[in-house]
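The values are calculated or read from the model by the stated rules, or taken from the named source; none is laboratory data. Computed from a predicted structure; not experimentally measured. Here the Cβ positions follow ideal geometry from the backbone for every residue, glycine too, while neighbour counts run over all protein chains shown. Protein only, heavy atoms only, side chains kept; ligands, DNA and RNA dropped before computing areas. Shrake-Rupley method; radii C 1.70, N 1.55, O 1.52, S 1.80 Å.
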Amino acid sequence: MDLKIKGKVIIVTGGAKGIGAGIVRCLADEGAIPVIAGRSADEGQRLMNDIKEGGGEAHVIAAELSVVENCRRVVEETLEKYQRIDGLINNAGINDGVGLESGNPEAFCASLEKNLYHYYNMAHYCLPSLKESKGAILNISSKTAVTGQGNTSGYASAKGAQLALTREWAVELLPYGIRVNAILPAEVMTPLYEKWLNTFPDPQKKIDSITKNIPLGQRMTTKEEIASMAAYLVSEQALHITGQQIYVDGGYVHLDRALAGVDE
Ligand code: NAP
């Protein structure tokens, strides 16, 4: 299937690492132009160089996205370079463990700044360009929005709000033909996930206890599997899909718990 995204300019926040980097690679493989926006600019630069050496095109913009002005700058710089924006993939985030007991009001607000506000701010600043291109927005949320995790009020509420905004924007942007969808990953091995795993006394035991509960294959989802869905959702092949929340998780959230440990 030709996704028909050749030459499309798509901003991926947090595109230097993990799921974001997987999405950036997939977009570039399909001939799109990913703009890697966020921290870890060195990793972003390496990824961009790799894509360019392979004959593709990409761009990196170093930005701490919890600063509103930086979101505006990312959009301006993208427009200066390419004069168009066809898609926004809001992906940057951190599971920062601000709980009811472990946290406090200031830490809770700071967590929303890191995880939620830039999703709105990026969409806000991209909107005039997305209207021109009839582009698409994709929000990377998390299963924690619907399952909870414990001890992470800031992150979980940001992830829930991203789902609400997906529906809200899908409605608001109908007149412009701009589609808005969300992906909910569950368990994907990335630098963020590894950091979280290492907070447990026995990370291997923890990962074994998680993967045995993932119905399809008792394994984690790969970042490439999230990326394929992401590229599809922002592509011309998904022109009648909007307001959807898609679980790419091997059935982790929805299938019967009794399936735990059942062989393929
Ligand atoms: P990751 O490995 O930490 O990669 C995220 C990238 O985003 C990093 O480069 C990070 O910079 C950057 N970033 C984070 N917050 C930023 C900010 N405020 N400003 C600029 N850059 C920022 O994370 P990941 O696991 O790929 O997660 C990506 C998304 O998937 C997140 O929204 C997460 O909630 C969601 N998700 C992941 C999983 C999973 O299993 N991995 C499950 C559910 C949902 P640094 O390198 O400097 O930290």
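The number of residues in the stretch 5-34 that are open to solvent by 10 Å² or more (accessible area, probe 1.4 Å), of a type outside the set (Val, Ile, Thr) and closer than 12 Å to residue 90 by Cα comes to 1. For residue 76, all conditions in the list (1) out of contact with any helix residue (DSSP H, G or I) (no Cβ under 7 Å at 6 or more places or on another chain); (2) open to solvent by less than 70 Å² (accessible area, probe 1.4 Å) hold save one; what is the number of the exception? Failing condition for residue 76: (2). In summary, residue 241 fulfils each of the numbered conditions (1) under 19 Å from residue 10 (Cα atoms); (2) crowded, with 17+ Cβ neighbours inside 10 Å with the single exception of condition (2). Checked against the criterion of being crowded, with 23+ Cβ neighbours inside 10 Å and not β-branched (Val, Ile, Thr), the candidates 59, 118 yield just one match: 118. Might you check whether a residue that is within 10 Å of the ligand (Cβ to nearest atom), touching an Asp or Glu at 6+ places or on another chain (Cβ under 8 Å) and open to solvent by less than 80 Å² (accessible area, probe 1.4 Å) occurs anywhere in the stretch 192-206? Scanning the stretch 192-206, I find at least one residue that is within 10 Å of the ligand (Cβ to nearest atom), touching an Asp or Glu at 6+ places or on another chain (Cβ under 8 Å) and open to solvent by less than 80 Å² (accessible area, probe 1.4 Å), so the answer is yes. For residue 159, the conditions (1) buried (at least 20 other Cβ atoms within 10 Å of the Cβ); (2) among the charged types (D, E, K, R); (3) not in a helix (DSSP H, G or I) all hold with the exception of (3).
Between 145, 110, 136, 92, the distinction of being within 16 Å of the ligand (Cβ to nearest atom) and within 18 Å of residue 34 (Cα to Cα) belongs to 92 only.
Among the small types (Gly, Ala, Ser), within 28 Å of residue 84 (Cα to Cα), in contact with a Cys (Cβ under 9 Å, 6 or more places away or on another chain) and outside any helix (DSSP H, G or I) - does that describe any residue in the stretch 166-180? Working first, answer last.
Going through the stretch 166-180, the residues among the small types (Gly, Ala, Ser) turn out to be 170, 177.
Checking the rest, the ones that are also within 28 Å of residue 84 (Cα to Cα) come to 170, 177.
When the remaining residues are screened for being in contact with a Cys (Cβ under 9 Å, 6 or more places away or on another chain), the result is none.
No: the stretch 166-180 contains no residue that is among the small types (Gly, Ala, Ser), within 28 Å of residue 84 (Cα to Cα), in contact with a Cys (Cβ under 9 Å, 6 or more places away or on another chain) and outside any helix (DSSP H, G or I).
When you check residue 154 against the structure, is it under 21 Å from residue 34 (Cβ atoms), among the small types (Gly, Ala, Ser), within 13 Å of the ligand (Cβ to nearest atom) and at pLDDT 95 or above, yes or no? Answer is no for this residue. Applying the criterion of being away from the ligand (no atom under 14 Å from the Cβ), closer than 30 Å to residue 137 by Cα and without any contact (Cβ under 8 Å) to a residue 60 or more places away in the chain to the residues of the stretch 207-231, the residue that is most open to solvent (accessible area, probe 1.4 Å) is 216. Applying the criterion of being within 13 Å of residue 29 (Cβ to Cβ) and open to solvent by less than 70 Å² (accessible area, probe 1.4 Å) to the residues of the stretch 42-53, the residue that is farthest from the ligand (Cβ to nearest atom) is 51. Conditions: (1) buried (at least 17 other Cβ atoms within 10 Å of the Cβ); (2) free of Cβ contacts under 8 Å to residues at least 12 places away in the same chain. Residue 148 meets all but one. Number of the miss? Checking residue 148 against (1) buried (at least 17 other Cβ atoms within 10 Å of the Cβ); (2) free of Cβ contacts under 8 Å to residues at least 12 places away in the same chain, the one that fails is (1). In summary, residue 181 fulfils each of the numbered conditions (1) touching a strand residue (DSSP E or B) at 6+ places or on another chain (Cβ under 8 Å); (2) closer than 25 Å to residue 67 by Cβ; (3) among the polar types (S, T, N, Q) with the single exception of condition (2).
Out of 106, 172, 113, one residue alone is in contact (Cβ under 8 Å) with a residue 40 or more places away in the chain, charged (D, E, K, R) and surrounded by fewer than 17 Cβ atoms within 10 Å (Cβ to Cβ). It is 113.
Given the criterion over 17 Å from the mean Cα position of the chain (by Cα) and within 24 Å of residue 6 (Cα to Cα), identify the matching residue among 57, 69. Break it down into steps so the answer makes sense when it comes.
Values: 69 fails: within 24 Å of residue 6 (Cα to Cα).
Within the list 57, 69, the selection yields 57.
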